[in-house]
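Following: one structure in structure tokens, then a few remarks.
The values are calculated or read from the model by the stated rules, or taken from the named source; none is laboratory data. Not measured: the values here are computed from a predicted model. No Cβ is skipped: glycine too gets one built from the backbone with ideal geometry, and neighbour counts run over all protein chains shown.
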Amino acid sequence: MKRPPLHTASFRRRDFLYGLGASLGSVAFSDLIARAENAGPLAPREPHHEPKAKAVIMLFMEGGPSHLDTFDPKPKLADLHLKGFFNADDKLSGMGSGARFYVKSPYTFRKVGKNGVSMSEHFRHMAEPAVADELCVYHGCQAESVSHPTALYHMNTGNRFGGDPAVGAWANYGLGSINQDLPGYVVMSELADPQGGSGNWSNGFLPAHYQGTQLRSEGSPILDLAPPAWKTREHQRSNLNILKKLNQSHLENHPQHRDLAARMENYELAYRMQMEVPGILDIGKESKKTRELYGLDDKETEPFGRKCLLARRLVEKGVRFIQIFSGGWDSHDFIKRAHRQRIYSIDKPIAALIRDLRQRDLLDETLVMWTGEFGRTPDNNRRGGEVALGRDHNANAMAMFFAGGGTRPGQVGATDEIGNAAAEVAHPIRDVHVTLLHLLGLDDNKLTYFHGGRYKQLSQFGGQVIKEIIG
């Protein structure tokens, strides 16, 4: 005998309650039931505890920005500049001759804001008190890999080897999306994708609903966003209804096909996005003042500035998690020139984003995070003379900063006197992830998903909140 649908009892209760009287109350109750029945997997959910942040904007500097040339000055390196030493690990690993040289920063530093945050001379806009006073600069994070793809996967998913859900996917799995007409997790990059590609924003073993939606940097941000001119909304709706009916029939007979349910929901989301997304992505109506604030009038700052402006608009519309990838930070050579250009390209846009969020009363509930996959060494092989000096990869020390979202402004942690390793408030990446989830109102030990015979979590096997970061 065929088993009756699990929802039969709920329909009977609804019919009974509706029969109590054809009043406004019953009509409202019917609407409430309809909303509950149509709630998708991204429907908002209650956090585990009171959140400090509702959304995250992660600014990812792919390639490994040098902490020693951005936020972590080391005067000792000036004394050691170009002094050589032999690194036995290089020789044993086959990575080089083992002969290395210390490298001082080519930049000068100054302390900015009331908290005395150290900042390279090329950060002009972020050094202004209105921005600098919002920053929590953390010097204690340590990575586990010096290979770009594995380090990127680790920072983005908690797993160096890929295949696991990205932090944005976990956030939406735990909290759902505030706006059901938009993706809960949006990704943007400058022209080329980061190494490892879409694995950096994968849903992993979570249902497909939670994968990041990438906005393309050229052409239409989302393919097929606009329907053909000859197809009306009514025509699309009719086709979707037929497709949904066929898919639903198949799903009832094959409930184990989870991807089909996700595909059905994605069709509906795409239909809703056709009305919502074009207005958000069209920044032509922004004021001249706003465009200048984000650096849209400068070809060097325009690419990142446009993405920062879109991030602010997406947060306003209820998108839960946004990532922006900026490439070109892997400076093994010519770091003086390369990092100066990279800093220039992001300085004004990031300062504008923080100012804009504060002005719109959104910064307290939006966590802005700036990071790379690892830091850089205080030394490197001397190639091409002093003008061509750069730095190698360093998993033992790096800098990241936060703004808003319940973080405490100032400097947290420290590295040793040459910036080679974290020395104070040192924590692995998993603790950064646990802290990020905590600020969103989520407990990493409770945010689990059963897969491969066990319950899995973002931190892999647990971690601790970095209390010094939290305000």
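Brief remarks on what is shown
- Unique match (being under 29 Å from Leu82 (Cβ atoms) and of a type in the set (D, E, K, R)) among Arg355, Arg376: Arg376
- Enumeration of residues in region 113-161 that are more than 28 Å from Pro409 (Cβ to Cβ) and surrounded by fewer than 20 Cβ atoms within 10 Å (Cβ to Cβ): Glu144, Ser145, Val146, Ser147, His148, Pro149, Thr150, Asn159, Arg160, Phe161
- Considering the conditions (1) surrounded by fewer than 23 Cβ atoms within 10 Å (Cβ to Cβ); (2) in contact (Cβ under 8 Å) with a residue 12 or more places away in the chain, Arg376 is excluded by exactly one of them, (1).
- Out of Leu437, Leu447, Leu458, one residue alone is of a type in the set (A, V, I, L, M, F, W, C), in a helix (DSSP H, G or I), touching a helix residue (DSSP H, G or I) at 6+ places or on another chain (Cβ under 9 Å) and farther than 30 Å from Leu82 by Cβ. It is Leu437.
- Of all residues in region 284-327, those satisfying the criterion of being crowded, with 21+ Cβ neighbours inside 10 Å and among the polar types (S, T, N, Q) are Thr301, Gln323, Ser326.
- Here Tyr344 passes the criteria (1) modelled with pLDDT of 95 or more; (2) within 19 Å of Ser120 (Cβ to Cβ); (3) in contact with a Phe, Trp or Tyr (Cβ under 9 Å, 6 or more places away or on another chain) except the one numbered (3).
- When the test is whether a residue is without any contact (Cβ under 8 Å) to a residue 40 or more places away in the chain and charged (D, E, K, R), Arg124 does not pass it.
- Counted as qualifying within region 106-182 are the strands (runs of 3 or more DSSP E) with 2 or more residues that are over 22 Å from Lys52 (Cα atoms) and not small (Gly, Ala, Ser), namely 109-112, 117-120.
- Filter pass, Gly410 being surrounded by fewer than 20 Cβ atoms within 10 Å (Cβ to Cβ), more than 21 Å from Asn156 (Cα to Cα) and either more than 21 Å from the chain's Cα centre (by Cα) or of a type in the set (S, T, N, Q) (or both): yes
- In this structure, Trp329 does satisfy being outside any helix (DSSP H, G or I), out of contact with any Cys (no Cβ under 6 Å at 6 or more places or on another chain) and more than 21 Å from Gly113 (Cα to Cα).
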